[in-house]
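Derivation of every value follows stated rules applied to the coordinates shown; laboratory data play no part. The structure displayed is predicted, hence computed values, not measured ones. Methodologically, a virtual Cβ is constructed for each residue, glycine included, from the backbone with ideal geometry; neighbour enumeration extends over all protein chains shown.
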């Protein structure tokens, strides 16, 4: 009897852009995806919350589910790199900031995502001007939130790169980081 061939499926590198409000996450994620020719996973919270005047834990749980499904759909294309404009780390920090102890379902989903080993993070610093938006809540505590993101990523023991400065400098730093991460995966 012939031995069965083993098929190894290499997961794409997921590069998630996370951080405080109004730090240029969407701008960076969009520009990076374009520069790399990579698919972009959009942030689903903005569309979801556009139809809500208030939100609670059930809404954040639903946003987390939708964000993860959006990422799975894009990742199924089997590209080498996928850029995500947010992921469950954002939901973790958002939930803990707003409601306290993180929902166990989201915590387990985040742990499972991280355990796959194919996730890296870009964290824009709050060194650009705040832009008001009806969905933004934290104009005065971006520095504190930035540190919460850094602490969360360290606690998850994942690789990340802080990006700062003008949009072109942020994009260059991000592209170099992705190049390093891809090179380390090739070894």
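With both labels modelled 7 Å from their Cα along Cα-to-Cβ, the residue 77 to residue 52 distance reads 2.8 nm.
For 160, 99, the sequence from fewest to most other C-beta atoms within 10 Å is 99, 160. From the coordinates of this entry, Rg and Dmax of the Cα atoms in Å is computed, and it appears in (i) 25.5, 77; (ii) 19.8, 64; (iii) 16.9, 68 under the label (iii). Dividing the summed helix terms, -39500 (n - 2.57) for each DSSP H run of n ≥ 4, by the number of residues in the chain produces a 222 nm estimate of -16500 deg cm²/dmol to the nearest 500.
Note on residue 180 and residue 151: their simple-model spin labels are 2.5 nm apart, each label 7 Å out from Cα toward Cβ.
The stretch between residue 27 and residue 107 holds 26.1 nm of extra length on full extension. This uses 0.36 nm per residue minus the Cα-Cα distance. With neighbours defined as other Cβ atoms within 10 Å of a residue's Cβ, the residues 158, 101 order from fewest to most as 101, 158. The alpha carbon centroids of region 154-187 and region 101-127 are separated by 16 Å.
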